[in-house]
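Colleague: First the structure, which I've put down as structure tokens, then a few questions once you've had a look.
The values are calculated or read from the model by the stated rules, or taken from the named source; none is laboratory data. Owing to the predicted nature of the structure, the values given are computational and were not obtained by experimental measurement. Note: ideal-geometry Cβ built from the backbone for every residue, glycine included; neighbour counts use all protein chains shown.
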């Protein structure tokens, strides 16, 4: 990949040109997932308030995302980010802990101090949450409309998935669910209940365990 400003080759794991210091956008052309239609009117970038551009990055289906032409931040409607990661990065079944640690340490060089920014759709301040375990990325999320990533954060999430971060996150989620079921089982067993009620609750718990 080359710098869009001066044409110099970019470092393997950076979108910032070492020669002219231009921050480049991630190349998202050629995706095969679908995401409906672009917004009817341009929405403002949550950071610099510039009107965002709608980009169709799909290969076989229409997949629209919004990118700020100034800061290269990206806004994804609900569920689009996970769909893009699943399509753009080949499935990984092993965890490379050394590479994960390196990805977590790397920073996309944020352009602003940590602060809440408005959703480009409803204007309400979005929540800042960790994307996943060991991803090293804090996303801005509106629960009703979507997710905002600063320039460079999408590439970091792609590297995180390549290193097995998604596998690790799914294991963590399964372990948390198992712990919750075990805690519920202990609570049922220690509470004083009539035998029929106790048996119904135990039967439900064992059915849940059988589904996982």
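Colleague: Would you check if residue 143 is outside the structural domain of residue 164 (by TED's automatic domain parsing) and either at pLDDT 90 or above or in contact with a strand residue (DSSP E or B) (Cβ under 9 Å, 6 or more places away or on another chain) (or both)?
Modeller: no
Colleague: Tally time: how many residues in the range 56-86 are in contact with a strand residue (DSSP E or B) (Cβ under 6 Å, 6 or more places away or on another chain), more than 18 Å from residue 142 (Cβ to Cβ) and surrounded by fewer than 17 Cβ atoms within 10 Å (Cβ to Cβ)?
Modeller: Final tally of qualifying residues: 4.
Colleague: May I pose another question? Determine which single condition residue 109 fails, assuming it passes every other condition in (1) within 26 Å of residue 128 (Cβ to Cβ); (2) at pLDDT 80 or above; (3) surrounded by fewer than 13 Cβ atoms within 10 Å (Cβ to Cβ).
Modeller: (2)
Colleague: Ok, one more. Looking only at the range 39-70, how many residues end up being under 20 Å from the mean Cα position of the chain (by Cα), under 25 Å from residue 125 (Cβ atoms) and modelled with pLDDT under 80?
Modeller: Number satisfying all stated conditions: 0.
Colleague: Separate question: Which of the residues spanning the range 87-101 are surrounded by 15 or more Cβ atoms within 10 Å (Cβ to Cβ) and over 19 Å from residue 136 (Cα atoms)?
Modeller: If the condition is that a residue be surrounded by 15 or more Cβ atoms within 10 Å (Cβ to Cβ) and over 19 Å from residue 136 (Cα atoms), then 87, 88 are the ones that fit.
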